[in-house]
Structure formats: structure tokens, C-alpha cells
Amino acid sequence: MNEKAPYYEAVHKEVEVFEHAYKNKLPLLLKGPTGTGKSRFVSYMAHRTKTEVITISCHEETSSTDLIGRYIIKGAETVWLDGPLTAAVKRGAIIYLDEIAEARPDVIVAIHSLTDHRRELFVDKLGITVRAHKDFMLVASFNPGYQKGFKELKPSTRQRFVALSFDYPAPDTETAIVSNETGIDKAIAKKLVNIATKIRNLTELGLTETASTRLLVDAATLIKSGLPKRLSVEVAVVEPLSDDPEIVQALTDLCHLMI
Ligand code: ADP
């Protein structure tokens, strides 16, 4: 495992909540828009609890077979290969199912018995049940989609998790994150945060996702590397947010005024 802890700035009581969920092996759901530090938090907590983390980025083709395992042909033989979930269950790792709602429904079915007192995984292709190692923990993330177009997570599934909400941090915290993460001057980090705050308040633009901390970190990284400030904001913040030329122009004008 990497010696140095990943940089993570605690925003609320999430570190404490994770530690208690980990101690009691309760599954944890991280809710919140993209780029709000969920993945970084999991890496940080894995380091803190000295546990390996296995991350699966779920997408619409992710099936239970991808997670549990499959037979593969090796030479003249067929051999069984554990999937990442089975490996984590056996080894006592943290499995992080990023964007779990994107996965196929059979993934949700497969994790059911791991999310309650049974803490076991049924490997249907082998016809066996694997009991989870004492250090195994299930963590998932989910974008609640306060706007249309996001997949939902069924209430019966949600109720199997302890849930933590992630959102954009308060301006001072976000400024610290952008500056610590990239080494950029605090004054420039603050301007970037001001831009993001402004864009986040422009609900009338109807953006599917708004300016996240990740976008600010990207802009700061480009500025730190020597790209002009305005151009950095344009390519790292404005362009990723919209393809509508009028919105892009409006946001560009706004950013030029602010940096
Ligand atoms: P998510 O998983 O929610 O989509 P990430 O964890 O990938 O978001 O965060 C995106 C980037 O934002 C990180 O790589 C990091 O640079 C930065 N970031 C966001 N929140 C924090 C935080 N609280 N502490 C440190 N870095 C953060």
C-alpha cells in the first residue's frame, strides 16, 4: 500500500461516520454530484484504516458476472477467475462500487446478502456461498440526480446502506482544497471558487451538472502549469459544462469578469 496518505480535506463528520461504519461493517452509500470528493474520500479512508480498496466504476453494462467472476479458457483447460467483488470478500478489502445505480439490476441482487447480517456472497456459477472476511466492507456511490436524466436507486436498496451526503464544500474549505491540491496561490484559488459559486447559482441555465471541485482543480492545475488564467478556466470549467454555444459564451463572459 502507498505510504503517503492521499490528500483529503474533511468537510463534515464523514471521517467519523466512515470509521464507525467500518468498525461495525455497515455498508456505506456516498450520495452526491460528481467531482465532490467521494472517490478521494474512499482512498483516504482506506489508507487510514490500512485496508486495500478495490474500485469498480459501474456503467450500464456492468453485470454481476463482472463483479463475481467467470470461467476463462486457459490452454486446454477452463479455469475459474474470481471477480473483484469475490476477491474483496475473500481478502477483506473495501469494495467501492462507484455510480452503483448505473450497473445492471443483477448487481444489486448480487450484493443483497452482503449488505445484511449474513455478510455472504453467493457465487452462482460455482454453486457456493462465500462468507465475507471480517475486514470486508461495501461502499457505493450514487448521484441522486436532482435534475432529470440520472438513474434512480430503489428505496429498498438505499435502505440497506448508511448514507452520507457529499456536496460542494463551503468557499473557504474549497479554496483550501484547490490550493493544497495544486499548489496554486490562495488568491487565485479563491477566484476560481467564486466563479464556481456563481455558476452553481445560475440554475436558470439548466446545466445537467454544475461546476464541481474537480473542474476547479483542473483549472488550477493548468494555471499552475503556465496556461493563461482565462484560457484555463475556459477549457477546464466552461467547455466541460455545456455544448450550447450561447451558454458557453455567457459563461465565458462571466468568467472573464471574475478572473
Ligand atoms: P467524485 O468521486 O465525487 O466524483 P473525486 O473524489 O474524484 O470526486 O474528486 C475530484 C477531485 O476533487 C479530486 O481528485 C480532488 O482533487 C478534489 N477534491 C474534491 N473534494 C476534495 C476534498 N474534500 N479533499 C481533497 N480533494 C478534494
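Quick note: the coordinates plus some simple rules give every number you see, no bench work behind them. Worth saying up front: this structure is predicted, and the values here are computed from it rather than measured. Positions of Cβ are backbone-derived with ideal geometry, glycine not excepted, and every protein chain shown enters the neighbour counts.
The table below lists the values:
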{"quantity": "Residue in region 208-219 that is outside any helix (DSSP H, G or I), within 23 Å of Tyr8 (Cβ to Cβ), in contact (Cβ under 8 Å) with a residue 12 or more places away in the chain and not hydroxyl-bearing (Ser, Thr, Tyr) present", "calculated": "yes"}
{"quantity": "Filter result (within 12 Å of the ligand (Cβ to nearest atom) and either more than 26 Å from Thr208 (Cβ to Cβ) or over 10 Å from the mean Cα position of the chain (by Cα) (or both)) within region 44-76", "calculated": "Tyr44, Met45"}
{"quantity": "Failed condition for Ile184, given (1) crowded, with 17+ Cβ neighbours inside 10 Å; (2) assigned to a helix (DSSP H, G or I); (3) within 16 Å of the ligand (Cβ to nearest atom)", "calculated": "(2)"}
{"quantity": "Any hit, region 93-107, residues being of a type in the set (Phe, Trp, Tyr) and under 22 Å from Ala132 (Cα atoms)", "calculated": "yes"}
{"quantity": "Qualifying positions in region 224-259 - part of a helix (DSSP H, G or I) and within 15 Å of Val193 (Cβ to Cβ)", "calculated": "Lys229, Ser232, Val233, Ala236, Val237, Leu254, Cys255, Met258"}
{"quantity": "Any hit, region 85-95, residues being under 19 Å from Arg158 (Cβ atoms) and crowded, with 19+ Cβ neighbours inside 10 Å", "calculated": "yes"}
{"quantity": "Inter-residue pairs, beta-carbon under 8 Å, first of a type in the set (Gly, Ala, Ser) and in region 1-20, second not in a loop (DSSP other than H, G, I, E, B), 6+ apart", "calculated": "Ala5/Tyr44; Ala5/His47; Ala5/Arg48"}
{"quantity": "Members of region 1-26 that are in contact with a helix residue (DSSP H, G or I) (Cβ under 9 Å, 6 or more places away or on another chain) and either within 17 Å of Pro144 (Cβ to Cβ) or near the ligand (Cβ under 10 Å from one of its atoms) (or both)", "calculated": "Pro6, Tyr7, Tyr8, Glu9, Ala10, Val11, Glu14"}
